[in-house]
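Quick notes on the structure that follows.
The values are calculated or read from the model by the stated rules, or taken from the named source; none is laboratory data. None of the values given here were measured: they were computed from a predicted structure. Using ideal geometry, Cβ is built from the backbone for each residue, glycine included, and neighbour counts are taken over all protein chains shown.
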Amino acid sequence: MKHGLGSKIYVMAVLLFAHIPMFILITFSFNKSRSRSHWTGFTFTWYNKLLHNSEILQAALNTLVVAVVVSVVATVLGTVSAVGMYFLSKRLQNVMTILTNLPIVNPEIVTGVSLMLMFTFLKFNMGFETLILAHVISNVPYVVFSVLPKLKQMDRHLCDVAMDLGCGWLQVFFKVILPEISPGVLSGFLIVVAFSLDDFVISYFTSGPTSQTLPLAIFAMTRKRVSPEINALSTIIFMIALIIIFAMQYREFQGVKAKQSHARKGQGS
Amino acid sequence: MRNLAILATGLVLLAVIVAKQSMLYNKKNAKISINVSNWGEFMSNGSNSLMNVNYEFEKLTGVHVNYTTVSSNEEAYAKIKGGGVSYDVVILSDYMIARMIAEKRLAKLNYANIPNIVNIMPNLKKLNYDPTGEYSVAYAWGTVGIVYNSKEIKEEVDGFNILWDEKFKNEILMFSNPRDAFAIALRKLNISFNTRRKEDILAAAKELKKQKHLIQAYVMDEIFDKMQTEEALIAPYYSGDVINMMNDNQNLKFVFPKEGTNRFVDAACIPINAKYKEAAELYINFLCEPGVALNNALYGNCSTPNIKAFDLLPENVKNNKVAYPDEQTLKNTQSYQFISTELEEFMDSLWVEIMVADENNNVWVMPVFIFVCAAATISLGVLRSHNKRQRV
């Protein structure tokens, strides 16, 4: 396929627009002064300071713990409920779909405030418990909707066959269903990790004195000035994300190559 | 199906246990942990080769500190009032402390546990937000003044009037929080910013509305970049932060407005529902240690209320007239008082009105928009099911 110059420029413009902010942030994490607009010289000071800043590091650790716990819990709950929904009657499945859609469609601020009201009404102490609960509640639907399509692609009769051959329900789930839907489960898991890591609105209303996450800590800095140490930390996080994406792409690429060579061999014989 | 249910419950239980474990991780070594709330970037935390205050406190006392930061008094207030959270030490500004005292949300301090109170400057004790001095210990202070770019503004800047000058349209920045913004408008009208009359507040709101078309942006921390890069030329701001800006741009100058201005005090206090009041007092006492106060003042770039810490400051900071103005200037300042919950809410609602007001904005736009969306969705759904039926 031939591409005109116009479309090339268009694509370049879009890509630049999407990615330039990140590069500006990375550049300014090496800036000597605190300025976010004037370049005054190259330095690693902010990275060094970051290592000694217990406030930011604690917040980053909190964020990470919450993200890991939430993504595990939400993935398990979401997968199980997706499987449950799949075996419901058409009508009930529609009802469930609507109910699962609600937290996604509902503005985060409404979810956040209502969760806060519920927690105070139930006399919960705001902290890790409430933060994790809140994140799980708002994230389960994403897992459900990334698993459900995979279930629908699956041949339903496989389950019946397995049961006819003597599998119990558990065995069917682990040996037949799970392998079929695992890409959906994995993508659901990753979505939840990403959402939980950067959630601000819901965390704002449901976190407590022990569980300040990174987005909240950064927001609190706006009274004085957001420290360039945050740039340094963001750069590190960005690099980790980049490496993960590269690794995944590489694996996929290897997989495709293996398949192709396999297919070629098949043709040859 | 039953097995599946059992499996699900099992996994949920497992997850709960994992969650519980992770919650315990930052409580494990300390018998007591206190919850502390402060502004962001306001306490020395070990970077800049300064002291890590919370760490030193933990090392000294064995009391664990859960340190959280907020961006505004209102946010801290909402958290304390909302329940579900009990803080042991909160650092708030003067007017919010007055409000909390009026609403009986603060505990009286036991000064037997805070011997370092002697280090606090006498003129920062028993100010009008806490007339008896029973509830709060000053942590930092400063004034609100006008920072402007002397390269671009040749006129003499001496008062808040300049923030209403048509000549500087789109070059002016303004506070994005209601209390500070109203205070400026009230001083411009030569009314005390602790006025308890509704008419005064309405008049100030009118002034702020008049000013809106001149304002480039309502800001908090964006002000640093905007002033340093000369994107904006004039703004009211807190003295300590202005010193930061002046260090980065030599053209910036600071003036104390002739109308008189606000001298703010941020002070530590203990909410009435604090779990460990004694540990909290220990913490406040620790904050009054000269060395600790010095580190905090250097880190946050605010004026210290601590006499001994002041003596330890480098000469150029000590003699900085922006941070430590002379008595004459200070006489022309006032601190915020709590006016009344009702009036503050009135102020908040007027502020929201000023912020969202747009002459061309119609109150019906939102409802009509929602209605049209709903109607479109429903009619699309009906149309689709109709088409489906026809096809069948």
Residues of the stretch B:78-112 satisfying the condition of being crowded, with 23+ Cβ neighbours inside 10 Å, over 19 Å from A:Met126 (Cα atoms) and in contact with a Lys or Arg (Cβ under 7 Å, 6 or more places away or on another chain): B:Tyr95
Looking only at the stretch B:122-146, and only at residues there that are assigned to a loop (DSSP other than H, G, I, E, B) and of a type in the set (S, T, N, Q), the one that is farthest from B:Asp326 (Cα to Cα): B:Thr132
Restricting the stretch A:37-46 to residues that are of a type outside the set (S, T, N, Q), in contact with a Ser or Thr (Cβ under 9 Å, 6 or more places away or on another chain) and assigned to a loop (DSSP other than H, G, I, E, B), the residue that is farthest from the other protein chains (Cβ to nearest Cβ): A:Gly41
Residue within the stretch B:46-56 that is more than 20 Å from B:Ser303 (Cα to Cα), touching a residue at least 40 places away in the same chain (Cβ under 8 Å) and surrounded by fewer than 19 Cβ atoms within 10 Å (Cβ to Cβ) present: yes
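Counting only residues that are surrounded by 17 or more Cβ atoms within 10 Å (Cβ to Cβ) and either assigned by TED's automatic domain parsing to the domain that holds B:Phe254 or more than 24 Å from the chain's Cα centre (by Cα) (or both), how many does the stretch B:290-308 have?
Our first condition is that a residue be surrounded by 17 or more Cβ atoms within 10 Å (Cβ to Cβ); within the stretch B:290-308, this holds for B:290, B:292-306, B:308.
Checking which are either assigned by TED's automatic domain parsing to the domain that holds B:Phe254 or more than 24 Å from the chain's Cα centre (by Cα) (or both) leaves us with B:290, B:308.
Final tally of qualifying residues: 2.
How many residues does the stretch A:47-78 hold that are of a type in the set (S, T, N, Q), within 9 Å of chain B (Cβ to nearest Cβ) and either touching a strand residue (DSSP E or B) at 6+ places or on another chain (Cβ under 9 Å) or more than 30 Å from A:Ser33 (Cβ to Cβ) (or both)?
3
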Pairs, first more than 16 Å from B:Met355 (Cα to Cα) in the stretch B:170-193, second modelled with pLDDT under 90 and part of a strand (DSSP E or B), C-beta under 6 Å, six or more apart: none
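For the stretch B:250-269, give me each residue that is within 14 Å of another protein chain (Cβ to nearest Cβ) and surrounded by 17 or more Cβ atoms within 10 Å (Cβ to Cβ). Show your work before the answer.
To start, the set of residues in the stretch B:250-269 that are within 14 Å of another protein chain (Cβ to nearest Cβ) comprises B:250-252, B:264, B:266.
Residues satisfying the conditions are B:Leu252, B:Phe264, B:Asp266.
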Complete set of residues in the stretch B:276-301 that are in a loop (DSSP other than H, G, I, E, B) and closer than 26 Å to B:Tyr95 by Cβ: B:Cys288, B:Asn301
Filtered residue count, the stretch A:85-109, keeping only those that are within 17 Å of A:Ile137 (Cβ to Cβ), within 14 Å of chain B (Cβ to nearest Cβ) and free of Cβ contacts under 8 Å to residues at least 24 places away in the same chain: 3
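Quick one: would you say A:Thr120 is within 14 Å of chain B (Cβ to nearest Cβ) and of a type in the set (Val, Ile, Thr)? Step through it out loud before you land on a result.
Values: within 14 Å of chain B (Cβ to nearest Cβ): yes; of a type in the set (Val, Ile, Thr): yes.
Against the criterion (within 14 Å of chain B (Cβ to nearest Cβ) and of a type in the set (Val, Ile, Thr)), A:Thr120 qualifies.
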Hey, B:Tyr299 under 22 Å from B:Val65 (Cα atoms) and not aliphatic (A, V, I, L, M) or not: yes
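Kindly state which strands (runs of 3 or more DSSP E) lie completely within the stretch B:25-104 and contain at least 1 residues that are at the interface with another protein chain (Cβ under 8 Å from one of its Cβ atoms).
On the way: elements: B:33-39, B:64-70, B:89-93.
Strands (runs of 3 or more DSSP E) meeting the threshold: B:33-39, B:64-70.
Here are some residues: A:Phe87, A:Phe23, A:Phe44. Which one is within 26 Å of B:Val53 (Cβ to Cβ) and exposed (fewer than 15 other Cβ atoms within 10 Å of the Cβ)?
On the way: A:Phe87 fails: within 26 Å of B:Val53 (Cβ to Cβ); A:Phe23 fails: within 26 Å of B:Val53 (Cβ to Cβ).
Just a single option satisfies the conditions, and that option is A:Phe44.
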Given (1) touching a Phe, Trp or Tyr at 6+ places or on another chain (Cβ under 6 Å); (2) surrounded by fewer than 20 Cβ atoms within 10 Å (Cβ to Cβ); (3) not hydrophobic (A, V, I, L, M, F, W, C), index of the condition A:Lys8 fails: (1)
Residue in the stretch A:62-104 that is nearest to B:Thr68 (Cα to Cα), counting only those that are under 12 Å from the mean Cα position of the chain (by Cα) and of a type in the set (S, T, N, Q): A:Ser71
